[in-house]
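Asks: Would you mind keeping the following structure in view while I ask a few things?
The values are calculated or read from the model by the stated rules, or taken from the named source; none is laboratory data. Just so we're clear, the structure is a prediction, and the values are computed from it rather than from any experiment. Here the Cβ is made from the backbone with ideal geometry for all residues, glycine too, and neighbour counts use every protein chain on show. When the accessible area is computed, the model is the full protein with side chains, heavy atoms only, and any ligands, DNA or RNA have been set aside. Shrake-Rupley method; radii C 1.70, N 1.55, O 1.52, S 1.80 Å.
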Amino acid sequence: MRTTPTLLRAFRPSVQERLYDFYDELRSADELFFDRHLDAWIATSHGLVSSAAADPRLSSVRYRDIGAVCEELRPLARVLRHRF
(Lines give C-alpha, C1' and ligand atoms only; values in the text may rest on other atoms or scores of the structure.)
Protein backbone atom coordinates (compact mmCIF):
# COMPACT_ATOMS: atom_id res chain seq x y z
CA MET A 1 0.00 0.00 0.00
CA ARG A 2 1.37 3.39 -0.98
CA THR A 3 1.33 6.16 1.61
CA THR A 4 -0.41 9.42 0.80
CA PRO A 5 2.19 12.13 0.17
CA THR A 6 2.22 14.99 2.66
CA LEU A 7 4.62 17.82 3.36
CA LEU A 8 4.06 17.25 7.06
CA ARG A 9 6.54 14.37 6.86
CA ALA A 10 9.26 16.98 6.30
CA PHE A 11 9.09 17.86 9.99
CA ARG A 12 10.00 14.37 11.19
CA PRO A 13 13.59 14.17 12.48
CA SER A 14 14.32 11.10 10.34
CA VAL A 15 13.17 12.98 7.23
CA GLN A 16 15.06 16.15 8.22
CA GLU A 17 18.28 14.14 7.94
CA ARG A 18 17.53 13.41 4.29
CA LEU A 19 15.30 16.32 3.30
CA TYR A 20 16.46 16.57 -0.31
CA ASP A 21 15.78 12.84 -0.78
CA PHE A 22 12.28 13.48 0.55
CA TYR A 23 11.78 16.29 -1.97
CA ASP A 24 12.95 13.95 -4.74
CA GLU A 25 10.37 11.40 -3.58
CA LEU A 26 7.61 13.99 -3.78
CA ARG A 27 8.69 15.08 -7.27
CA SER A 28 8.88 11.50 -8.51
CA ALA A 29 5.36 10.77 -7.21
CA ASP A 30 3.73 13.62 -9.12
CA GLU A 31 4.39 17.24 -10.00
CA LEU A 32 1.02 18.22 -8.54
CA PHE A 33 -0.90 16.48 -5.79
CA PHE A 34 -3.50 17.25 -3.17
CA ASP A 35 -2.14 17.02 0.38
CA ARG A 36 -5.21 15.94 2.33
CA HIS A 37 -3.44 16.59 5.63
CA LEU A 38 -2.81 20.23 4.74
CA ASP A 39 -5.98 20.58 2.65
CA ALA A 40 -3.85 22.12 -0.09
CA TRP A 41 -2.51 21.47 -3.57
CA ILE A 42 1.26 20.94 -3.66
CA ALA A 43 3.30 21.65 -6.79
CA THR A 44 6.71 19.95 -6.85
CA SER A 45 8.23 20.81 -10.21
CA HIS A 46 10.05 24.03 -10.99
CA GLY A 47 8.06 24.49 -14.18
CA LEU A 48 4.69 24.13 -12.50
CA VAL A 49 5.62 26.41 -9.60
CA SER A 50 6.95 29.03 -12.04
CA SER A 51 3.77 28.82 -14.12
CA ALA A 52 1.59 29.18 -11.03
CA ALA A 53 3.60 32.15 -9.79
CA ALA A 54 3.16 33.89 -13.16
CA ASP A 55 -0.56 33.10 -13.44
CA PRO A 56 -2.59 36.24 -12.64
CA ARG A 57 -5.53 34.05 -11.52
CA LEU A 58 -3.46 32.95 -8.52
CA SER A 59 -2.38 35.33 -5.77
CA SER A 60 -2.04 35.71 -2.01
CA VAL A 61 -5.06 38.02 -1.86
CA ARG A 62 -7.33 37.21 1.06
CA TYR A 63 -10.76 36.23 -0.16
CA ARG A 64 -13.38 37.33 2.31
CA ASP A 65 -16.21 36.31 -0.02
CA ILE A 66 -15.43 32.84 -1.38
CA GLY A 67 -18.64 33.00 -3.41
CA ALA A 68 -17.14 35.84 -5.46
CA VAL A 69 -14.25 33.62 -6.57
CA CYS A 70 -14.76 31.48 -9.67
CA GLU A 71 -15.77 27.94 -8.70
CA GLU A 72 -12.60 26.40 -10.18
CA LEU A 73 -10.38 28.44 -7.83
CA ARG A 74 -12.49 28.25 -4.65
CA PRO A 75 -10.51 25.38 -3.06
CA LEU A 76 -7.29 27.37 -3.51
CA ALA A 77 -8.91 30.58 -2.27
CA ARG A 78 -10.08 28.79 0.88
CA VAL A 79 -6.50 27.75 1.63
CA LEU A 80 -4.93 31.10 0.75
CA ARG A 81 -7.28 33.19 2.86
CA HIS A 82 -5.92 31.49 5.99
CA ARG A 83 -2.24 31.55 5.03
CA PHE A 84 0.55 34.11 5.06
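Asks: Any idea how many residues of the range 35-57 are in a loop (DSSP other than H, G, I, E, B), open to solvent by less than 40 Å² (accessible area, probe 1.4 Å) and over 23 Å from residue 68 (Cβ atoms)? First the steps, then the outcome.
Replies: Initially, the range 35-57 is screened for residues in a loop (DSSP other than H, G, I, E, B), giving 36-39, 44-45, 55-57.
In the following step, the residues that additionally are open to solvent by less than 40 Å² (accessible area, probe 1.4 Å) were identified as 44-45, 55.
Okay, now just the ones that are also over 23 Å from residue 68 (Cβ atoms), so 44-45.
The qualifying residues number 2.
Asks: Quick check on my filter: what residues within the range 61-71 are under 9 Å from residue 81 (Cα atoms) and either open to solvent by 70 Å² or more (accessible area, probe 1.4 Å) or at pLDDT 80 or above (or both)?
Replies: Answer for the range 61-71, where residues must be under 9 Å from residue 81 (Cα atoms) and either open to solvent by 70 Å² or more (accessible area, probe 1.4 Å) or at pLDDT 80 or above (or both): 61, 62, 64.
Asks: Quickly run through the range 39-60 and pick out the residues that are at pLDDT 80 or above, of a type outside the set (S, T, N, Q) and closer than 16 Å to residue 8 by Cα.
Replies: Scanning the range 39-60 gives 40, 41, 42, 43.
Asks: Out of the residues in the range 11-34 that are of a type in the set (Asp, Glu) and assigned to a helix (DSSP H, G or I), which is surrounded by the fewest Cβ atoms within 10 Å (Cβ to Cβ)? Explain how you work it out, then say what you get.
Replies: Step one: of the range 11-34, the residues of a type in the set (Asp, Glu) are 17, 21, 24-25, 30-31.
So of that shortlist, the ones also assigned to a helix (DSSP H, G or I) come out as 21, 24-25.
Values: 21: 9, 24: 12, 25: 14.
Checked the range 11-34; the qualifying residue surrounded by the fewest Cβ atoms within 10 Å (Cβ to Cβ) is 21.
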